[in-house]
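Reading through the structure tokens given below for one structure.
FYI, it's all coordinate maths here, none of it is from the lab. These figures come from a predicted structure and were not determined experimentally. Every residue, glycine as well, gets a Cβ built from its backbone with ideal geometry; the counts of neighbours run over all protein chains shown.
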Protein chains: 4
Amino acid sequence: MEGGARSGGRGIARPTRFLREESEFEFWRLAAFSDGVFAIAITLLVLALHIPEGVSDLPRVLEDQLPDLFAFALSFAVLARIWLFHHRLFAALKGIDTGLIALNFLYLAFVTLVPFTSEVIGDYGHEKVAVVVYAGNLAALGLAGAAMTIYAFRRDLVRPKIAADLRVDTGLGTWLLPGVFLLSIPIALIDASAAQWSWPVLFIAGAVAVRRVPDRGSG
Amino acid sequence: MEGGARSGGRGIARPTRFLREESEFEFWRLAAFSDGVFAIAITLLVLALHIPEGVSDLPRVLEDQLPDLFAFALSFAVLARIWLFHHRLFAALKGIDTGLIALNFLYLAFVTLVPFTSEVIGDYGHEKVAVVVYAGNLAALGLAGAAMTIYAFRRDLVRPKIAADLRVDTGLGTWLLPGVFLLSIPIALIDASAAQWSWPVLFIAGAVAVRRVPDRGSG
Amino acid sequence: MEGGARSGGRGIARPTRFLREESEFEFWRLAAFSDGVFAIAITLLVLALHIPEGVSDLPRVLEDQLPDLFAFALSFAVLARIWLFHHRLFAALKGIDTGLIALNFLYLAFVTLVPFTSEVIGDYGHEKVAVVVYAGNLAALGLAGAAMTIYAFRRDLVRPKIAADLRVDTGLGTWLLPGVFLLSIPIALIDASAAQWSWPVLFIAGAVAVRRVPDRGSG
Amino acid sequence: MEGGARSGGRGIARPTRFLREESEFEFWRLAAFSDGVFAIAITLLVLALHIPEGVSDLPRVLEDQLPDLFAFALSFAVLARIWLFHHRLFAALKGIDTGLIALNFLYLAFVTLVPFTSEVIGDYGHEKVAVVVYAGNLAALGLAGAAMTIYAFRRDLVRPKIAADLRVDTGLGTWLLPGVFLLSIPIALIDASAAQWSWPVLFIAGAVAVRRVPDRGSG
């Protein structure tokens, strides 16, 4: 732990820092707590799949769950990727401060909402508003992740060599996930189905573009 | 681990202590278990948001969820702040004993109730009794937190220097959260909506007051 | 880690042991996994409390939840005590083996059932069968805990000095919790309400009796 | 952490490795996250047991839950065994890389589905499609586990001595669990009940066969 003392009479304190080496336990708790939220959110996705008791035509009812299964698979994959991002960002951190904890909570709030918006798109994937709600949730999640990354670099909370090795930076790649989902919102306002097809297309196109442009944001 | 032997024939044993340095694992388990409860409670908040299948006017039904979304955001923010308090308190601890574990369970019981009372206020925010139940839950949670802090100081379970750096003390600030929600209960008995507006107002006024009064409770 | 090699042609291998010192990570995972199950079970208790939307007489509906709140408080307290037992047992362990992992899973299965049986007794506390189901769940949980303790002592998985300090032993105290709930089952068959009153009475009487009889089981 | 640098102009980077010794924290997070998902999935199994409020003949309604209780016990036992496999595999690992993290997520996706398919078989155990869905889920889970094991050996992520002691290998035993459930699918297409009886029979027969054939897969 470092700093944290009220700086003179200025009223606003410098955020308390917990460095990985000095305060391993405190550093670790934030990651473990975040993992708890991730694990629960990713497991709650399954609650969108449900068969009532006493159904007469089970095969047909199971078939009706296919869009929900698709939404489950999509949201599971997105949350897995998001977790991977979080894992890499924290691997690159040398410490945390109150600001980062606050941004991490904002980030987790959008993680927590995914089981809800995922159920909405599973049940109403053909409706524009459902696609907008889902894409909005994931875009906000991506933006909160980008904010966390930028904050960590600005506040000197990053171990530069490890960040470079893990390609944790504030370059174009940071904006890929939020960009894809933000772009899909106007598409959804025209056609719900087109917006859902746009996600893999935009994602692959974006990934190719990111690879071609040299990263300069992490410098 | 320290003590724990039955003290002579007195019948009541001195509570067993697990010191952070000697019993890192046992110390850590309590924080990890608490984080598990926090993570689940904060993620269960999303279950208050629910769209039934087969709705015809989805945009309107989503709009009806706005008070639930507001309750979600409020409870998420409160639990995040509560977690931050718990994180700082445990960072300042040099050990735990059976009494602190018991108080921590009391504290977690009120954390666990938040998804329920939060759903009540999301659905019935205009009713006095709903606001009283919610404010009562959070006031009890705040009081249990204050009790835990005072207990830790009295039983010499605190590392004074780190507590001072993190501003973990038994001063006025400890009573801010329970005070705000306790004060809002009589307001709720007059007007449900006024009580909800009183939370941010009281909270900001209280935070300013706490800052002006020098902390003497931690000495 | 120790042993684990197939012992000659005997077919049945000696259970693989993970010692706390050598395999800290593997030892830790079992406790952390158990804590996860505990944390989720204790938090799911709140799902027994539920207010449907669109209720007209909210104060009365909230009042109807009081038996559920009582069941919540009781089950929360029991699970907290059970966790404390688990915390102490693991603090006293010097290692785990496959047999202990299996018994721990049996134990966790009964932990996992508590939110279900607790909901049953919350909704049907006046019915004999509900009390029998609940008491049976907790008796089985207590017996699984006792089996785990005895197994750990027999297999030399315990650090004797720490166990003595923490009063982890196989004496009378081990049988207090399962004994109380087992004894209440015949009482429940006569009167559901009497069985519920017998729990605190038997528990306090048993705790006094355990204190008076010197522990000889741990020797 | 090791490698991770983009290898020249090849575009596809060698997956970043987190070694247990160098990056204990990052290694640990994957196991802890997986344990979170396991703990939640195994605890959500209990949600399949449910008694509505206001039932008049409680003993009969409880009796109707017996198939659900059987499904609970079966799925709990399977997930416990699966966790044990995961615990041993990770004990044998010397590090993780992005490929292993991805396979682990695939594996966890099938873990997450178990509460759903378990509820289906609890409610519809007499229907062929329910048995096929359940067996398919567990077969896929077993195959993902086998894929993870093979990947770890191929990528040199295993500590050979510990793997040998724990009998973590890519031999016949790896295929026992997926084999049993795969074989039961054609049986289920003939008779739902026979398929469920085939599980213990095939499992015991397979375990005996595996013991007789010397393991050569781990070499």
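List of remarks:
- Separation between Cα centres of region D:45-89 and region C:102-173, rounded to whole Å: 18
- Relative exposure of A:Val208, B:Val37, judged by other C-beta atoms within 10 Å (fewest first): A:Val208, B:Val37
- Shielding by partners - mean other protein chain Cβ count within 10 Å, residues of D:100-113: 4
- Per-residue mean of foreign Cβ neighbours for C:18-28 is 3 (Cβ atoms of other chains, 10 Å radius).
- Neighbour counts of other Cβ atoms within 10 Å put B:Ile82, C:Ile185 in the fewest-to-most order C:Ile185, B:Ile82.
- Whether region B:81-124 is rounded, prolate or oblate, judged on the alpha carbon gyration tensor where a/c under 1.5 counts as rounded: oblate
- Other-chain or far-sequence residues with amide H under 5 Å of B:Leu93's (modelled H): B:Arg159
- For chain D: relative contact order, % (alpha-carbon pairs under 8 angstrom, 6 or more apart): 20
- Within-15-Å neighbourhood charge of A:Ala109 [Cβ basis; K, R +1; D, E -1]: 0
- From most to least packed by mean Cβ count within 10 Å, the peptides C:67-75, D:117-125, A:51-59 give D:117-125, C:67-75, A:51-59.
- Residue separation of C:Val208 and C:Arg81 scaled by 0.36 nm, minus their Cα-Cα distance, works out to 44.0 nm of gained length.
- Shape of the protein assembly as shown, Cα gyration tensor, a/c cut at 1.5: rounded
- Inter-copy label distances at B:Asp64, using a point 7 Å along Cα-to-Cβ, come to 2.0, 2.0, 2.8 nm with the shortest given first.
- Per-residue mean of C-beta atoms belonging to partner chains within 10 Å, peptide B:54-66: 3
- Net charge dipole, chain B: roughly 1300 debye, given to the nearest 20, about the Cα centre with Cβ charges of +1 for Lys and Arg and -1 for Asp and Glu.
- Estimated from helices alone, the mean residue ellipticity of chain C at 222 nm is -23500 deg cm²/dmol (sum of -39500 (n - 2.57) over DSSP H runs with n ≥ 4, per residue).
- For region D:182-195, putting each phi into the Karplus relation 6.51 cos²θ - 1.76 cosθ + 1.60 with θ = phi - 60° gives couplings of 5, 4, 6, 5, x, 4, 5, 5, 8, 8, 5, 6, 4, 4 Hz, in residue order, rounded to whole numbers and with x for Gly and Pro.
- Between copies, the label points of D:His50, set 7 Å from Cα on the Cα→Cβ line, lie 0.5, 0.5, 0.8 nm apart, reported in increasing order to one decimal in nanometres.
- Estimated distance in nm for a label pair at A:Ile150 and C:Arg154, the labels positioned 7 Å out from Cα along Cα-to-Cβ: 6.3
- When the C-alpha to C-alpha distance is required to be over 29 Å, the pairs from A:Lys94/B:Lys161; A:Lys128/B:Lys128; B:Lys94/C:Lys94; B:Lys161/D:Lys94; A:Lys161/D:Lys94 that qualify are A:Lys128/B:Lys128; B:Lys161/D:Lys94.
- Across the identical copies, the label point of C:Arg212 (7 Å from Cα in the Cβ direction) is separated from its matches by 6.2, 6.2, 8.7 nm, in order from shortest.
- The percentage of C-alpha pairs in region A:33-97 whose separation is greater than 15 Å is 63%.
- Computed lengthening from B:Glu24 to B:Leu69, 0.36 nm per intervening residue step minus Cα-Cα distance: 12.2 nm
- For region B:24-151, the relative contact order works out to 33 percent when only alpha carbon pairs closer than 8 Å and six or more residues apart are counted.
- Fewest-first ranking of B:Glu21, D:Glu26, using other Cβ atoms within 10 Å as the exposure measure: B:Glu21, D:Glu26
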